[in-house]
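The block underneath contains the structure these notes are about, expressed in C-alpha cells.
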Amino acid sequence: MVNWAVPNRVYRNDQNDQGFIKVRLAGTISNRMAVGSLARVYDAGFAEDRKHFRGVRELRTATGFCAQEAQELHFGVPVSGAFDVVVNFPSGVKVVQRGVKPGQVISIEEPNAVAKR
C-alpha cells in the first residue's frame, strides 16, 4: 500500500479457501490490454439475470492518486457452485464463459469480430 508522507506497506493474504474467480482479459480490436472492458459474474445458468448477479469489475489502468489495480479482475464467490462470466469489451463484442468453477484464473480474449448491435 502506498501512502503519502509515511512508509509504504505490503500486506499478504494467507487465506486460501478458493472462494474467488480471477479473470484475465486480452484485447484484439479494442486495445491490447482490454482496458475499459466490463466483466460481470452470475450464478451458472442465469447470465444477465439481476437476481443471480454476483459482481462487476471494470479493467482500468489507474484508480486514484498513486494507485493502480492488478490487470486481472478478482471476484469473491462462494466456494461451491459454478458461475457464468460475461465480458463486454470496448469494441461492443460480448463473450460469455459458462460454468466457471471457483478457485480458477480464467483468460478471455476478445474475438476478432465486431458484434452486431
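Going by a ≥ b ≥ c, the root eigenvalues of the Cα gyration tensor, does the range 1-66 fall in the rounded group (a/c under 1.5), the prolate group (a/b larger than b/c) or the oblate group?
Verdict is oblate for the range 1-66.
Scattering from the C-alpha atoms of the chain alone, worked out with Debye: what is log10 I(q)/I(0) at q = 0.10, 0.11 1/Å?
-0.35, -0.42
So, with a 1.4 angstrom probe, what is the percent of accessible area on the chain that is carbon and sulfur?
Working: 3850 of 7830 Å².
Carbon plus sulfur share of accessible area: 49 percent.
Rounded to the nearest whole Å², what accessible area per residue is found for the chain with the 1.4 Å probe? Walk me through the numbers before you get to the answer.
Values: 7830 Å² over 117 residues.
Ligands and nucleic acids excluded, the figure is 67 Å² per residue.
Once the whole set of protein chains is in place, how much accessible area is left on MET33, using a 1.4 Å probe, in Å² to the nearest 10?
Surface accessible to solvent at MET33 totals approximately 100 Å².
Between ASN88, ASN13, ASN31, where does the largest GNM mean-square fluctuation fall for the chain, given springs only between Cα atoms within less than 10 Å?
Answer for the Gaussian network model of the chain: ASN13.
Which far-off residues, 5 or more places away or on another chain, put their amide H under 5 Å from the one on GLY55, with H placed in the peptide plane?
Close amide H contacts, sequence-distant or interchain: VAL41.
The values are calculated or read from the model by the stated rules, or taken from the named source; none is laboratory data. Here the structure is a predicted model, which is why all the values come from computation and not from measurement. Ligands, DNA and RNA are excluded from the accessible area calculation, which covers all protein heavy atoms including side chains. Shrake-Rupley method; radii C 1.70, N 1.55, O 1.52, S 1.80 Å.
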